[in-house]
Amino acid sequence: MRTVQMTLEESLVNQVDRVARKLGKTRSAFTRDALRLALRRLKEQEMERQHRHGYLMLPVEPAEFDDWEDEQAWGDS
């Protein structure tokens with residue numbers, strides 16, 4: 001692992017310390033988890049943006065998925 005120095009507001013450090021203590025984690029472990037989660041969310045948001053863009057560029061055609069209608073199992077029968 002690599003040690004990095006960060007500048008954070010005192011109130012943020014206090015909040016992190018309180019939550020980390022409740023979770024039984026160190027400040028570093030909590031921060032690593034939070035950064036991983038933030039990066040994962042950003043990746044998901046980018047993938048969703050690309051997905052939306054793809055459908056804007058090539059929208060679904062009317063009746064495009066009608067052939068699959070009978071294949072769906074809704075569990076209501």
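The values are calculated or read from the model by the stated rules, or taken from the named source; none is laboratory data. Predicted, not measured: the structure shown is a model, and the values here were computed from it. Here Cβ is always computed from backbone atoms with ideal geometry, including for glycine, and neighbour counts include all displayed protein chains. Please note that ligands, DNA and RNA were not included when accessible areas were found on the heavy atoms of the full protein model with its side chains. Shrake-Rupley method; radii C 1.70, N 1.55, O 1.52, S 1.80 Å.
Filtering segment 41-77 to residues that are within 30 Å of Gln5 (Cα to Cα), open to solvent by 100 Å² or more (accessible area, probe 1.4 Å) and either of a type in the set (D, E, K, R) or not in a helix (DSSP H, G or I) (or both) leaves Arg41, Lys43. Taking the listed residues Ala38, Ala34, Ala20, the one that is assigned to a helix (DSSP H, G or I), touching a helix residue (DSSP H, G or I) at 6+ places or on another chain (Cβ under 7 Å) and of a type in the set (A, V, I, L, M, F, W, C) is Ala20, with no other qualifying. Within segment 52-73, the set of residues being under 28 Å from the mean Cα position of the chain (by Cα) and modelled with pLDDT under 90 comprises Val60 only. Filtering segment 5-16 for residues that are in a helix (DSSP H, G or I), in contact with a helix residue (DSSP H, G or I) (Cβ under 7 Å, 6 or more places away or on another chain), surrounded by 10 or more Cβ atoms within 10 Å (Cβ to Cβ) and not basic (Lys, Arg) leaves a non-empty set.
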